[in-house]
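Presented below is the structure to which this report refers.
Derivation of every value follows stated rules applied to the coordinates shown; laboratory data play no part. Nothing here was measured: the structure is a model prediction, and the numbers come from that model. Glycine gets a Cβ as well: all are built from the backbone with ideal geometry, and neighbour counts include every protein chain shown.
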Amino acid sequence: MKILVVGSGGREHAIAWRLSRDPVKHELFCAPGNAGTALVAQNADIAADDIAGICEWTRRNNPDLVVVGPEAPLVKGLADALASIGTPVFGPVAAGARIEGSKRFAKEIMRAAGVPTGLAEIHTDPAEAKKALARFGLPVVVKADGLAAGKGVVVAESVEEAERAIDDMLVESKFGKAGAEILIEEFLDGEECSILAMTDGENALLLPPSQDHKRVFDGDKGPNTGGMGAYAPAPVVGAADMDWIKSNIIMPVVKELGKRGIPYRGILYAGLMVTPEGGRIAKSGKRINVVEFNARFGDPETEAVLPLIGGDFSKALLHAATGRLSDGDLEILPGAAATVILASGGYPGAYAKGKKIEGLDKTAGGDKSVVFHCGTAAKDGTIVTSGGRVLSATGRGATLREAVDRAYRAVSGISFENMFFRKDIAHRAFERN
Ligand code: AMP
Ligand code: GLY
């Protein structure tokens, strides 16, 4: 098949890499891609959210399938635009991507579909929002309705902190229109888990459950990031939980969207909070609650999940994109995988770019490890840093321990100025034993 992958991060490198390992050979393209995708695909110099540019490329090149990585182009209607020129696209139409683009819409869908989630109120008036805090107790969560580059959520430990978040969003307009409406939400206690469900709008297949590491430092300390590492399968949910999640979360949402005339084709990513035995159960009364939905593959979850998918991945993507997904389409391999993000000093705050990356050539890990590029660029024959998250080193093994060890072994040869990474990926899984 001729396939275009849209995006430029580690997620897109992992998607293109996985497609390059299919039993059938594909002609792979990536827009705009990065120095890593260039190893497995041909990069096309078009920004991921340049809808007109991608449609123009598609008209000229006539791919069999377009796979959209990031949320921004989906929310802007890339899938709608591609569908109108007759190209199968893996990624929901804008009306479906709203499940990520508007937290209010996500709550509305969950309420209608009976999906367990934290209790929430919508506010536009700062005084009313502050009054609402007393109804929630502490900690309390304040969220901007719209996309805010991962920064629109404040888990406040004190009333002062919650009031400051309300003022930032509703008075100072720190997130512009995205924060013109906010949610005050019940705090959910427990351990997080990412469920990536592939769906064609009728059926859904769940990929192995994974866990992200959002905080920047070891021991889950420091500010939130886009994710500093991930592993799969995450033991926080078991096989019986996965069946429950499919019947009580994924399918009801897919069906509710369908009822509203939204055929959801792509990844429905459910960010879950799982309350441990004896923990404080949420107001929904359930042990598993939805924190958020995303309309795409997670990053860095994808770098740990896709190495566990066997068989012909292109077939599963195409079948989801064309409404023909069936149970046998996704082959899940035994064992585990883990990925470690190598980041630029200063991230998630300000950081330098253009630093030369050494040691990438030493990391050809065959079947057992691979280094995905997240924020890299080619410059004068070398590869340099071009983002906060630079590389994602993945290991696969029969056990999670083996996978994590292989991921860190892949890291060991690599360096760039001010590089740092978390040393405790998968610690929650290891602490269980
Ligand atoms: P979101 O952008 O909705 O994924 O929120 C970012 C992060 O904030 C989540 O991954 C959680 O760690 C945290 N978070 C969001 N909502 C809640 C909640 N209701 N209770 C506890 N933590 C939350
Ligand atoms: N790793 C979190 C996300 O992709 O949203």
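Comparing SER412, PRO348, ILE383 along the charge dipole axis of region 302-433, the residue lying farthest to the positive side is PRO348, per the Cβ-charge model.
FRET efficiency for the pair ARG135 and ALA47, taken as 1/(1 + (r/R0)^6) with r the Cβ-Cβ distance and R0 = 56 Å, rounds to 0.80.
Relative contact order of the chain: what whole-number percent is it, with Cα pairs under 8 angstrom and at least 6 residues apart? Can you show the working numbers first?
Working: 1061 pairs, mean separation 72.6, N = 433.
Computed value for the chain: 17 percent relative contact order.
Looking at the chain from every direction and averaging, what is the projected area of its Cα convex hull in nm²? Numbers along the way, then the final one.
Numbers: hull surface 78.5 nm².
Computing the convex hull of the Cα atoms and averaging its projections yields 19.6 nm².
For PHE90, the residues whose amide H sits under 5 Å from its own are VAL66, VAL67, VAL68, ignoring neighbours fewer than 5 places away on the same chain, with H placed 1.01 Å from N. What FRET efficiency would be calculated for the residue pair GLU358, PHE420, taking the C-beta separation as r and a Förster radius of 22 Å, to the nearest 0.05? Plugging the Cβ-Cβ distance into 1/(1 + (r/R0)^6) gives 0.90.
Over the chain, DSSP H runs of length four or greater, each weighted -39,500 (n - 2.57), average out per residue to a 222 nm ellipticity of -8000 deg cm²/dmol.
Taking the Cα centre of region 250-305 as origin, work out the dipole magnitude from +1 charges on Lys and Arg Cβ and -1 charges on Asp and Glu Cβ, in debye rounded to 20. Show your work: numbers first, answer last.
Details: 9 positive and 6 negative charges, 89 e Å.
The calculated dipole for region 250-305 is roughly 420 debye.
Rounded to whole numbers, the Karplus 3J(HN,Hα) couplings from phi for region 245-260 are 4, 5, 6, 9, 10, 5, 5, x, 5, 4, 5, 5, 5, x, 4, 8 Hz, using 6.51 cos²θ - 1.76 cosθ + 1.60 with θ = phi - 60°, and x at Gly and Pro.
Treating the beta-carbon of each Lys and Arg as +1 and of each Asp and Glu as -1, no other charges, what is the dipole magnitude of region 298-433 about its Cα centre, to the nearest 20 debye?
On the way: 17 positive and 16 negative charges, 78 e Å.
The calculation lands at about 380 debye.
With the charge dipole of the chain set up from +1 on Lys and Arg Cβ and -1 on Asp and Glu Cβ about the Cα centre, the Cα lying farthest toward the positive end among the listed residues ALA393, MET242, HIS427 is that of ALA393. Projected onto its three principal axes, the C-alpha set of region 107-175 covers 34, 27, 20 Å, listed from the longest axis down. Of all lysines in the structure, the ones whose alpha carbon falls short of 25 Å from that of LYS355, not counting any fewer than 8 places away in one chain, are LYS214, LYS379, LYS423.
Within region 1-160, how many lysine pairs that are 8 or more places apart, or on different chains, have C-alpha atoms less than 26 Å apart? Step by step, the pairs that qualify in region 1-160 add up to 19.
When +1 charges are put on Lys and Arg Cβ atoms and -1 charges on Asp and Glu Cβ atoms, the dipole computed for the chain relative to its Cα centre reaches about 320 debye.
Between ALA239 and ALA350, the C-beta separation translates, for a Förster distance of 45 Å, into a calculated FRET efficiency of about 0.55.
The H on the amide N of ALA47, modeled in the peptide plane, is under 5 Å from the matching H of no residue at least 5 residues off or on a different chain.
Remark on LYS174: its backbone amide H falls under 5 Å from those of MET169, a criterion applied only to residues 5 or more positions apart or on other chains, H modelled at 1.01 Å from N.
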